[in-house]
Every structure is written in C-alpha cells, then in structure tokens.
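Comments concern the structure below.
The values are calculated or read from the model by the stated rules, or taken from the named source; none is laboratory data. In this text the structure is predicted, and so the values were computed from the model without any measurement. Heads up, the Cβs are rebuilt from the backbone with ideal geometry, glycines too, and the neighbour counts pull from every protein chain shown.
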Amino acid sequence: MNEEQKFQRTVEVFTAGCPCCDEVLELVRRIACPRCRIEIRDMKDPDTTRRAGKLGGRSVPAVAVDGVLAGCCTGRGPEEGALRAAGVSRDFGTG
C-alpha cells in the first residue's frame, strides 16, 4: 500500500492560532477517522491564505475535506453590506 492509499480523506484545518481555532482543531482531531490525514494550515502563511481563498474560505477557523470547504464553513466572514447595516460606515451619524 502506497502513502496515498493509506489515507481515505485529507482534512485541512485553516487556523489563525486563536482559541476558537484551537477548539475546532481539537474537535477535528477527536472525530477524525484513523485513516484521515489532518493538515493544519496557518493563515499567516500567504500560500495558505491563497489556498483558503480558492476554496471559498472567508473566515477562520475553517475546515476542508478532500479540497472542499465543509458546509459549516461556507458563506461566512465579514461582508460590506452587513457591516454598513451594523453602523460601520463613514456615513454613520451624518444625516
């Protein structure tokens, strides 16, 4: 059996090293099957940031399985419209 056949899934955990990210990494380690290869991706690394962007990652922590961002990790992250609606705007309080 070669190295690629040894693992059934590649699980990438995109992290910034914060306590929330550490909690997700611990969860993934706890529930992953013995044949899962867990790869920790440091978002401070520009290559990792590009990889996360290609997968659609917009916030951390995020998890991808076999190159696909997990459903729980999609569609998140700050959005301009939502920030403006919350009052983060140069126009806030003028008018």
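Data overview
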item	result
Enumerated helices (runs of 4 or more DSSP H) restricted to the stretch 1-62, each holding at least 1 residues that are among the acidic types (Asp, Glu), under 13 Å from the mean Cα position of the chain (by Cα) and over 13 Å from residue 73 (Cβ atoms)	19-31
Sole exception among (1) more than 21 Å from residue 6 (Cβ to Cβ); (2) touching a helix residue (DSSP H, G or I) at 6+ places or on another chain (Cβ under 9 Å); (3) buried (at least 16 other Cβ atoms within 10 Å of the Cβ) for residue 51, by number	(2)
Cross-chain or 6+ apart pairs with Cβ under 6 Å, the stretch 6-26 first and more than 15 Å from residue 66 (Cβ to Cβ), then among the polar types (S, T, N, Q) and part of a helix (DSSP H, G or I)	none
Residue pairs meeting the criteria (Cβ under 6 Å; at least 6 apart or on separate chains; first assigned to a helix (DSSP H, G or I), in the stretch 70-95; second modelled with pLDDT of 70 or more)	73/62; 73/63
Condition broken by residue 65, with the remaining ones in (1) in contact with a strand residue (DSSP E or B) (Cβ under 6 Å, 6 or more places away or on another chain); (2) surrounded by 18 or more Cβ atoms within 10 Å (Cβ to Cβ) satisfied	(2)
